[in-house]
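Asks: Have a look at the structure that comes next, please.
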Amino acid sequence: MEPHKPKLSFGAKCLWLLCRSIAILPHWVQYNCIAAAIYFVLRYVVRYRRGLIIKQIADSFTTKSEQEVEAISNEFYRHLSEVFICTMSMAGATIEQRLESIKFNVSDSVKQVLDGRHLVILASHHGFWEYAQYVGFALEGYSLIGAYHQLSNKTWDDLFKYLRTFDNVYPVPTQQFVRYFIEHREHGVNGKPMMLGLASDQNSPPKGKIHWYNFLNRPTLFFDGGEQLSTKFSLPVVYLSMHKVAAGKYECDIILVHDGKTPLEKHEITERYVRLLERDIEREPAYWMWSHRRWKYYPDPTTGEPIYRRKGV
């Protein structure tokens, strides 16, 4: 076990063993049988967040018919079912199995820009985001510092920290993320420069001076922590554009967003990220996490100040 691997509580260890029992099954059993059963329960039995999913898809693609929105939502439920299997398959996964799960494409020109510097990685919840942690297979010689939101349930939080910690991957709570980088900025982590991984498409609560981005047909708030880090410390920024190849298999393009040197207007880095993410969602709409309540706030028509949107509105 890696020296920095966290210890599992008893409850988390039981969950890990359950995950491991699924992970060792043949691929066709996992995705043709178990995932199909999960899909049926989510879609037809509990109808998991059905109203929210349909509304958010319909509001994002106003030119699509009801039948097209329905088709996207059904495919999303299938994808969500596979997300459960992909997560469980990470338990005890070997390096060979990780390499089979996702292929990263990175050009020599991008590698030349990075040149062993600390960098910011902007990921999203499009595709299967947990596989983004395997980016170290493409960008060797780095330690990945992944920001994560702590779960309220300690048992589940322990499990996910354990699944996300391996080799040169270090999960760090979002509240400690910037401080962690500053403390290790001079020498890196484990003697290696840092990749600062951020999933920047999560719900951003309004605070300070906010900026609205036009995203999927409406004004949207985004976290701009990656842009702030890049601007303050002259860090290059890349975006992980993930595409689904088959059940449990993905391909990811590493796209340069900013070289960390060229002066840019404020909000430009985040704007570029938003456009790339929007492009990916429009290309493969079913593979974004529509079950998350994305638009909790909307701007006041007169002042632009954020207004909380009641559930169901």
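Asks: Ranked by Cβ crowding within 10 angstrom, fewest neighbours first, how are Tyr142, Tyr308, Tyr131 ordered?
Replies: Neighbour counts put them in this order, fewest first: Tyr308, Tyr131, Tyr142.
Asks: Ok, one more. Which of Gln112, Gln133, Gln56 moves the most in a Gaussian network model of the chain with Cα springs under 10 Å?
Replies: Among Gln112, Gln133, Gln56, the largest GNM mean-square fluctuation belongs to Gln112.
Asks: How big is the antiparallel share of DSSP beta bridges in the chain, given as a percent to the nearest 5?
Replies: 45
Asks: Using the number of other C-beta atoms within 10 angstrom as an exposure proxy, rank His149, His126 with the fewest first.
Replies: His149, His126
Asks: Now, a different point. Take the chain, compute every pairwise Cα distance, and split them into 10 Å bins from 0; I just need the percent in each bin.
Replies: 5, 25, 35, 26, 9, 0
Asks: Rounded to the nearest 0.05, what FRET efficiency do Gln67 and Ile307 give with R0 = 25 Å and r taken as the Cβ-Cβ distance? Could you check?
Replies: Approximately 0.15, to the nearest 0.05.
Asks: Could you pull out every one of the aspartates and glutamates with an alpha carbon less than 19 Å from that of Lys161, ignoring same-chain neighbours closer than 8 positions?
Replies: List returned: Glu2, Glu130.
Asks: Please work out the Cα center distance from the stretch 89-143 to the stretch 1-74, rounded to the nearest Å.
Replies: Their Cα centres are 22 Å away from one another.
Asks: Still on this structure, please answer the following. Can you give the calculated 222 nm mean residue ellipticity of the chain, where each DSSP H run of n ≥ 4 adds -39,500 (n - 2.57) and the sum is split over every residue, rounded to the nearest 500 deg cm²/dmol?
Replies: Counting only the DSSP helices, I get -11000 deg cm²/dmol.
Asks: Under a cut-off of 24 Å between alpha-carbon atoms, report the lysines in cross-link reach of Lys154, not counting same-chain residues fewer than 8 places apart.
Replies: Leaving aside lysines fewer than 8 places away in the same chain, those within reach of Lys154 are Lys5, Lys7, Lys13.
Asks: Once you've got the GNM for the chain with C-alpha springs shorter than 10 Å, pick whichever of Lys207, Lys261, Lys232 has the biggest mean-square fluctuation.
Replies: Largest GNM mean-square fluctuation: Lys207.
Asks: With all pairs of different alpha carbon atoms counted, what Kirkwood hydrodynamic radius in Å does the stretch 1-143 show?
Replies: It works out to 18.2 Å.
Values in this text are rule-based calculations from the coordinates and carry no lab data. From a predicted model like this one, the values you see are computed outputs, not experimental measurements. A quick note on method: Cβ atoms are made from the backbone with ideal geometry, for glycine too, and the neighbour counts reach across all protein chains shown.
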